[in-house]
1. Of 277, 257, 295, 299, which residue is assigned to a helix (DSSP H, G or I) and either crowded, with 21+ Cβ neighbours inside 10 Å or touching a strand residue (DSSP E or B) at 6+ places or on another chain (Cβ under 8 Å) (or both)?
2. Test residue 14 against the stated conditions and say whether it is at pLDDT below 90 and touching a helix residue (DSSP H, G or I) at 6+ places or on another chain (Cβ under 8 Å).
3. Criterion first (at pLDDT 90 or above, on the phi < 0 side of the Ramachandran plot and not in a loop (DSSP other than H, G, I, E, B)) does residue 217 satisfy it?
4. Quick test for you: out of 61, 51, pick the one residue that is part of a helix (DSSP H, G or I), under 24 Å from residue 91 (Cα atoms) and at pLDDT below 85.
């Protein structure tokens, strides 16, 4: 349990900076005179760094998971502290580059540790708990930061996020020598088999769309709650907390259920369908009222925010231990690029039209495309299963 807790902390630390930027977005716009598209660009910068760094970090994670885990906490703390002290928007962008390195390291190293240290029977639950970290960061930021910003100012409120990363670094030093096998004698990262590469490509493409939507939601849901629906900053923070809390519950639940589906792609199809309803519910809340905003936050939390809990389970089951870091790094690239595009695209659409519906409407369409891709993925998987020999079918999991 201590090891899983450490992995959860790593996932929280890697994404906390972006959650804090979203929750404190009103303060940032006032402090630096930013546009909404510039706010979106801070998320884009971090995600692009994570996208390009993740495959390389993944290979290193297969060789030295302890070093990568410690490094993750270091860059997460630095990024948060630089953001808190930033004298200008340019420095804020520099801070997000450090945050991007933490994002790029998070899934490769934590997936590697789960693969080598957690039994198959408990792997789904462990992944669900581990993947609850990112929405947990949204929950914590939304719950704590508005009040801390009023009490201490937004800079000190932002800086408190570094405390978790520092604690995680200390725990890495204490726990990993006995909890994670390290050393030169460990098998090295191996080339990915052809069928695994195919699964990774498909999940990369689908994850790209999911992450695009998640990026837009994380970046603009709190600001939309204030500007579009009329909630107070505290109320907007609570909306973000609901999104995060439901994301935590969704990831744990879907991670646990993922192994129970005969074909895990079924879970991904259901998740995409719920995400469509979430985007529509959020979009109409400016007209209908706050109730549909809260409903949309709940639906988004248990759907798009939870998608990766099932996707990473598929990857771990398909790859095996020795190539998990590499496969996770490759797949993380697609998700990070999608997350990079989502906020800046949504911000540009909102600025150009002066309407948040210009972001939420296309988001519903995007999730519908994701659902169609997932159905196609399932069909292609079933076709490949029918083509293999019966004994191979019995030994192979569906993507």
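The values are calculated or read from the model by the stated rules, or taken from the named source; none is laboratory data. The shown structure was predicted, so the numbers you read here are calculated from the model rather than taken from an experiment. Glycine gets a Cβ as well: all are built from the backbone with ideal geometry, and neighbour counts include every protein chain shown.
1. Just a single option satisfies the conditions, and that option is 299.
2. Judged against the criteria, residue 14 is not a match.
3. Considered against the rule, which asks whether it is at pLDDT 90 or above, on the phi < 0 side of the Ramachandran plot and not in a loop (DSSP other than H, G, I, E, B), residue 217 comes out as yes.
4. 51
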